[in-house]
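A short worksheet on the structure shown next.
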Amino acid sequence: MHKFWLVMKREYVTRVRTKGFIFSTIIVPVLTVGILVLQIVTATRQAGRTLNIAVLDEDGSLADSVIKGLDGKLNNGQPEFHIVQTLERPPAGTEENLRTQVLNGQLDAFLVLPAKITGGKDSAEYHTRNPGEVTISSELSHAVSDAVIAQRLHARGVDVRDVAQVVEEVDLKVIKVGTHGETEEKGQTIVIGIVVAMLLYTTLIIYGVATMRAVMEEKTTRVIEILVASTRPFYLLAGKILGVAAVGLTQYAIWVTVGALVTVYGAAMASIVHAGAFPALHLSGLMLGSTLIFFFAGYLLYASLYAAVGAMVSSDQEAQQAQMPVTMLVVAAVVLFNIILRDPNSPTSVALSMVPFFAPILMLLRIALQTPPLWQIALCLAILGLTTAGLVLLAARIYRVGILMYGKRPSLAELAKWVKYT
Amino acid sequence: MEKDTAVNVTGVTKRFDEVLAVNNLSLRINAGSVFGLLGPNGAGKTTTLRMILRIMVPDEGSIEMLGRPLTESSQDRIGYLPEERGLYTRMKVREVLLFLAGLKGLDDHEAGRRVDEWLERLELNQWAASKVIDLSKGMQQKVQFIAAVVHRPPVLILDEPFTALDPVNAGIIKDIMLDLRQKGTTIILSTHRMEQVEMMCDSICLINKGESVLDGELAAIKRSYGKNTVRLEYEGDAGFLDQPELVAAVNHFGAVTEVRLRPNADAQELLKAAVVRGVRINRFELVEPPLNDIFIQKVAGVAHA
């Protein structure tokens, strides 16, 4: 047993000290947060500067109310639009003149409001060199529509403010019913589910492949010959798998701690500056516990498969091919995501989440979306546990023989023989 | 007598699928001796060693070490330098050795003390903090040798211990082997270098196709062949060697020529033939056959049978 600890310790210590570990521990959260921040920034506001525009009003009655509607502000507090000039009932050739100004940079764009627009017979035109700015055009469209609608209503003798009250849309709040009470749904459930399941997917593959490489390293460097002359192959395999698992859990622990600190800090900062609620993704205790359990069980299952693959190959190229079936199993779980997302409690979803190879990812997703009945979680864990135990024993038998075999990759029939060797 | 047997292999057989790797092999290795396990490639040497090391279990037969059947703890009392060297290339020299010493049952403190002692003795102390991959092949081999002996095993298995070593380092390792033997360590030496076997081994076993074809004390084996070999240095026409009724085989080494005589052939006849042809003889010595010849004869003989 002492030797098992030695093997595990070596695996853990040498791995945690590598640049790769330090790098991935830092880079993964930085990338994730970076992408989130980037998305939030790009989604909220695109234009970075005030646009100089001219408004050309053929009828002469709309410009004022349209300009009133263009009161958007940039992040730095500057107005979004600066109206350089307003031309009412312009003489012919004005548009041509404005076009030249846009081309030589005096203007960023100009807006044309045709005379027949209030009658609904024509459309407004926005002439710009940069038509790709979606937020700008939607803002313009709103301003023009509001102005035109207001004028139409006015023509019919209706007060605009009355209409605004009458057509006010009703908000629909989505509320998640759970055993611990009700929580308002703002998309966080799906986000948590997908984030956690994807995290599991990536770490299962990363650490599974790491286990495979660790087995291969000992085989190709031939250290294995000395190791098996010193201790049981099962201790070597178990020490390796659990050593790598400890590395994975260390990484998780670092991420969770840093994540919690950032959330607390962010919430504190948000309350100080009153910048609105910090978008904290609250992880429940159930979710955190399930993630750990399913990571550990899923990792054991896949790591033993990957370790068996590592033991039967002698080169990187062989490993590439031989690992495919195992990796495909993990990928399949992700492909089946949508079925669970559509209806986490449908018979198909329940059945799929019971398949041990998919269970770590799919059951976790179900727990995140809509906590399944306890018996289903228990049954799932039981199936997963038994399969894992069986696969570990099977992998140990393949490992024991494979690590001393060099040359051609074994066929399935040969593998079956390995399992039977004494 | 039984007490003095370090390793006792009795009727051991090992099959892989239909291939018979080792067939009913028995070895008795005396405590404190240097034992040569010889044989051509694929003869079953590695499989035999792996069974003694308890890496593999024999299908039939039994193996005893130091008077007891092999158990898990017997692995702590045996040292192993495999033919295919292997160390964790990206670990530091001292750390690798501490880990391997720990796997042989030494506690941290004791392992540290002995590893430092050995690094000093093999002049590797300034490399202790270097990564294994930065060491030359010869230095890596010395590190591997330390891993084999650091736990002072009573039984030491060395598979081709001198390859990749320059003459100076080979000499250092040879002296350590003799020193260990002096202190009672039993050494099992597996090698293809027959001159090393002749210089170091007390007893040998030659196996071919998984079976023992020759075993016993080296001196007795050579004596049993008698002085049937002539070691010659001459100047002149080699025609006098062309006497099929006298000469069984001729081996030219350049300066020296070794001639194996037919059974009951008289060496005097060969000398006479040389003198008659006017060949100048500088050396004419009747010796026991070199182990190399015995090896080839035994292995080739079985192969042709």
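Assorted remarks:
- When residues of the range B:73-87 are limited to those that are more than 7 Å from chain A (Cβ to nearest Cβ) and within 19 Å of A:Gly239 (Cβ to Cβ), the one modelled with the highest pLDDT: B:Asp76
- Top-ranked residue in the range A:211-236 [being polar (S, T, N, Q) and closer than 17 Å to A:Met405 by Cβ; ranked as nearest to the other protein chains (Cβ to nearest Cβ)]: A:Thr221
- Residues of the range B:99-131 classified as within 14 Å of chain A (Cβ to nearest Cβ) and either more than 29 Å from A:Val215 (Cβ to Cβ) or in contact with a Phe, Trp or Tyr (Cβ under 6 Å, 6 or more places away or on another chain) (or both), total: 1
- Qualifying residue in the range B:267-285 (condition: of a type outside the set (Ser, Thr, Tyr), crowded, with 18+ Cβ neighbours inside 10 Å and within 25 Å of the chain's Cα centre (by Cα)): no
- Of the residues making up the range A:68-88, none is modelled with pLDDT of 80 or more, under 17 Å from the mean Cα position of the chain (by Cα) and either of a type outside the set (D, E, K, R) or not in a loop (DSSP other than H, G, I, E, B) (or both).
- Residue that is farthest from the other protein chains (Cβ to nearest Cβ) [pool: residues in the range B:22-31 that are surrounded by fewer than 21 Cβ atoms within 10 Å (Cβ to Cβ) and under 15 Å from B:Glu60 (Cα atoms)]: B:Ser26
- Residue list for the range B:88-98, restricted to those being surrounded by 23 or more Cβ atoms within 10 Å (Cβ to Cβ) and facing chain A (nearest Cβ under 9 Å): B:Val96
- Strands (runs of 3 or more DSSP E) wholly inside the range B:194-305 that include at least 3 residues being touching a residue at least 40 places away in the same chain (Cβ under 8 Å): B:203-208, B:211-217, B:229-235, B:280-287
- For A:Thr257: the one exception among (1) within 14 Å of chain B (Cβ to nearest Cβ); (2) more than 15 Å from A:Glu11 (Cβ to Cβ): (1)
- Sole residue being buried (at least 16 other Cβ atoms within 10 Å of the Cβ) and at pLDDT 90 or above, chosen from B:Leu232, B:Leu246, B:Leu189, B:Leu261: B:Leu189
- Only residues that are under 17 Å from A:Thr221 (Cα atoms) and within 27 Å of the chain's Cα centre (by Cα) were counted across the range B:94-128, and they come to 3.
- Subset of the range B:52-71 (residues that are within 11 Å of chain A (Cβ to nearest Cβ) and in contact with a Lys or Arg (Cβ under 7 Å, 6 or more places away or on another chain)): B:Met56, B:Pro58, B:Asp59
- Members of the range A:350-409 that are of a type in the set (Lys, Arg) and closer than 20 Å to A:Ala322 by Cβ: A:Arg397, A:Arg400, A:Lys408, A:Arg409
- Scanning the range B:117-158 for residues that are exposed (fewer than 15 other Cβ atoms within 10 Å of the Cβ), at negative phi and either among the aromatic types (Phe, Trp, Tyr) or in contact with a Lys or Arg (Cβ under 9 Å, 6 or more places away or on another chain) (or both) yields B:Ala129, B:Ser130, B:Ile133, B:Lys137.
- Residues (in a helix (DSSP H, G or I) and in contact (Cβ under 8 Å) with a residue 60 or more places away in the chain) located in the range B:144-193: B:Gln144, B:Phe145, B:Ala147, B:Ala148, B:Val149, B:Met177, B:Arg181
- Filter pass, A:Val195 being of a type in the set (A, V, I, L, M, F, W, C), out of contact with any Phe, Trp or Tyr (no Cβ under 6 Å at 6 or more places or on another chain), modelled with pLDDT of 75 or more and not in a loop (DSSP other than H, G, I, E, B): yes
- Any hit, the range B:131-138, residues being over 25 Å from B:Glu160 (Cβ atoms) and either in the same structural domain as B:Ala164 (by TED's automatic domain parsing) or more than 26 Å from the chain's Cα centre (by Cα) (or both): no
- Total residues in the range B:9-19, condition at pLDDT 90 or above and surrounded by fewer than 19 Cβ atoms within 10 Å (Cβ to Cβ): 3
- Helices (runs of 4 or more DSSP H) contained entirely in the range A:286-365, each with at least 2 residues that are without any contact (Cβ under 8 Å) to a residue 24 or more places away in the chain and surrounded by 19 or more Cβ atoms within 10 Å (Cβ to Cβ): A:347-354
The values are calculated or read from the model by the stated rules, or taken from the named source; none is laboratory data. Since the structure is predicted, the reported quantities are computational estimates derived from the model, not experimental observations. All Cβ positions, even for glycine, are placed from backbone atoms using ideal geometry, and neighbour counts span all protein chains on display.
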